[in-house]
Amino acid sequence: MSIPVLTIDGPSGAGKGTVSRLIAKKLGWHYLDSGSIYRSLALALQKAAVDITAVDDIVSIAKAMVLEFECNDELIVKLNGEDITPQLGLESTGSIASQIAALPEVRQVLLKKQQDFKQLPGLVADGRDMGTVVFPDAEYKVFLTASAEKRAARRYKQLKEKEIDANLMQITIEIEARDRRDSERQAAPLAMANDALYIDSSDLTIESVIQEVINLIH
């Protein structure tokens, strides 16, 4: 029996996580946040004081790390049994994750970890290369984006709500830099799959984006 997969790709801050989680909950499917896998590895490297240029050490840590996802109202991520959710959203974590995601050796190790999430009754996978590299044969594909300014404003609001100090201009600069890095990298660059539905969420509500995706599946 084939396992249905919905991939939702797009740049940082486009709303992929929120939309994907809510759709997974609505359908009763499993959920994969690929960004959290890379961010978890970034934290594991920080804990082990490993330099991001030490590729062999990064690969060893990537192979050894044990990740658990608990998807309730919010996503809870555990790394080797420890809840690391609060640290995943830090800009420093995202920056390291984006840099190590450009390493082909690291992507190869984490590819298998991501594909293991494909289980019945179905999977919603969100990331940068879910529909192009990780699940190229996925039945349903979406590319969700928004302007850098809109994405920065959303990120700023999220951080402020969590009482994390943030600077809107700095977030905008970092998002634009990450977009460039993700789009220009050699290994699995951020790109829209040929058979994906394109959605610009700049001026859409979460509910209307979800409805568009549900319409695609039904």
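The values are calculated or read from the model by the stated rules, or taken from the named source; none is laboratory data. Worth saying up front: this structure is predicted, and the values here are computed from it rather than measured. Because the Cβ atoms are built from the backbone with ideal geometry, glycine has one as well, and the counts that use them run over all protein chains shown.
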Q: Could you grab me the full set of residues in segment 167-191 that are surrounded by 16 or more Cβ atoms within 10 Å (Cβ to Cβ), of a type in the set (A, V, I, L, M, F, W, C) and part of a loop (DSSP other than H, G, I, E, B)?
A: A188, L190, A191
Q. From K78, K16, which residue is of a type in the set (K, R), surrounded by fewer than 21 Cβ atoms within 10 Å (Cβ to Cβ) and either farther than 20 Å from V142 by Cβ or in contact (Cβ under 8 Å) with a residue 60 or more places away in the chain (or both)?
A. K78
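The rows are residues; the columns are (1) of a type outside the set (V, I, T); (2) surrounded by fewer than 22 Cβ atoms within 10 Å (Cβ to Cβ); (3) modelled with pLDDT of 90 or more.
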| position | (1), (2), (3) |
| --- | --- |
| Q115 | yes, yes, yes |
| L120 | yes, yes, yes |
| G127 | yes, no, yes |
| V134 | no, no, yes |
| L144 | yes, no, yes |
| K150 | yes, yes, yes |
| A153 | yes, yes, yes |
| Q158 | yes, yes, no |
| D165 | yes, yes, no |
Q. Just one of the numbered conditions (1) free of Cβ contacts under 8 Å to residues at least 40 places away in the same chain; (2) part of a helix (DSSP H, G or I); (3) more than 19 Å from S12 (Cα to Cα); (4) not small (G, A, S) is not true of N194; which one?
A. (2)
Q: Only residues in segment 42-58 that are in a helix (DSSP H, G or I) count as the first member; pair them with residues that are of a type in the set (S, T, Y) and surrounded by 14 or more Cβ atoms within 10 Å (Cβ to Cβ), Cβ under 7 angstrom, at least 6 apart or cross-chain, and list the lot.
A: A42/T93; L43/T93
Q) Considering segment 1-41 alone, what residues qualify as being in a helix (DSSP H, G or I), within 17 Å of I199 (Cβ to Cβ) and not hydrophobic (A, V, I, L, M, F, W, C)? A) K16, G17, T18, S20, R21, K26
Q: Could you give me the residue pairs with C-beta distances under 9 Å whose first residue belongs to segment 198-214 and is in contact (Cβ under 8 Å) with a residue 40 or more places away in the chain and within 16 Å of A152 (Cα to Cα), whose second residue is of a type outside the set (S, T, N, Q) and part of a strand (DSSP E or B) wherever it lies, and which are 6+ apart or on separate chains?
A: D200/L144; S201/L144
Q) Within segment 58-70, is there a residue that is closer than 23 Å to R185 by Cα, exposed (fewer than 14 other Cβ atoms within 10 Å of the Cβ) and more than 13 Å from the chain's Cα centre (by Cα)? A) yes
